[in-house]
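**Student:** One structure is given below, represented as structure tokens, and several questions about it will come after.
No value in this document is a laboratory result; all are computed from the given coordinates. Keep in mind it's a predicted model, so treat the numbers as computed, not measured. Please note: Cβ atoms are built from the backbone with ideal geometry, for glycine as well, and neighbour counts cover all protein chains shown.
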Amino acid sequence: MPALLQSLGNLPVWLQTALLLTASNVFMTFAWYGHLKNMQGKAWYVAALVSWGIALFEYLLQVPANRIGATELNLAQLKIMQEVITLLVFVPFVVLYMKQPLKLDYLWAALCMLGAVYFIFRN
């Protein structure tokens, strides 16, 4: 993990943060929702323990992402970045992995998030 963080060190802070948050979000999405596809026949506490194990990797990426991001971004900017990345990870997960249809509502949600990005990052 430290080698990964070192290799990101030459990139701009916002990009380091975005890349780490994207990777973190992949783990988060599988931890939160992956069990709905793979573990329906298991007891809820088994799914919770597996999800907890996956979430560890989320936190191993999310904590450094937020620490790096906080050197140049304020908390509101970090939060909006996180939410946009969550949507960017979640939609392909839903369509490709969970095999659910793409909805026009995802586009409207994305447009609302773009508005949030505009307002939170403008000077």
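**Student:** Would you point out the residue of region 18-63, among those that are out of contact with any Gly (no Cβ under 8 Å at 6 or more places or on another chain), of a type in the set (Ser, Thr, Tyr) and over 20 Å from Val95 (Cβ atoms), that is surrounded by the most Cβ atoms within 10 Å (Cβ to Cβ)?
**Tutor:** So the residue we want is Ser24.
This table checks each residue for (1) under 23 Å from Tyr97 (Cα atoms); (2) in contact with a strand residue (DSSP E or B) (Cβ under 6 Å, 6 or more places away or on another chain); (3) not in a helix (DSSP H, G or I); (4) not β-branched (Val, Ile, Thr).
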| position | (1), (2), (3), (4) |
| --- | --- |
| Ser7 | no, no, no, yes |
| Leu11 | no, no, yes, yes |
| Leu19 | yes, no, no, yes |
| Phe30 | yes, no, no, yes |
| Gln40 | yes, no, yes, yes |
| Ala48 | yes, no, no, yes |
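**Student:** Under 7 Å by Cβ, and 6 or more places apart or on different chains, what pairs join a residue from region 21-37 that is within 12 Å of Tyr59 (Cα to Cα) with one that is of a type in the set (S, T, N, Q) and assigned to a helix (DSSP H, G or I)?
**Tutor:** Short answer, once both residue conditions are applied: Leu21/Gln62; Leu21/Gln82; Ser24/Gln62; Asn25/Thr86; Ala31/Ser51.
**Student:** Got a sec? Which of Leu114, Leu78, Leu104 is farther than 26 Å from Leu8 by Cβ and more than 11 Å from the chain's Cα centre (by Cα)?
**Tutor:** Working: Leu114 fails: farther than 26 Å from Leu8 by Cβ; Leu78 fails: farther than 26 Å from Leu8 by Cβ.
Exactly one of Leu114, Leu78, Leu104 is farther than 26 Å from Leu8 by Cβ and more than 11 Å from the chain's Cα centre (by Cα), namely Leu104.
**Student:** Now, a different point. Answer yes or no: is there a residue in region 67-77 that is of a type in the set (Ser, Thr, Tyr), in contact with a helix residue (DSSP H, G or I) (Cβ under 9 Å, 6 or more places away or on another chain), on the phi < 0 side of the Ramachandran plot and assigned to a loop (DSSP other than H, G, I, E, B).
**Tutor:** Yes, some residue in region 67-77 is of a type in the set (Ser, Thr, Tyr), in contact with a helix residue (DSSP H, G or I) (Cβ under 9 Å, 6 or more places away or on another chain), on the phi < 0 side of the Ramachandran plot and assigned to a loop (DSSP other than H, G, I, E, B).
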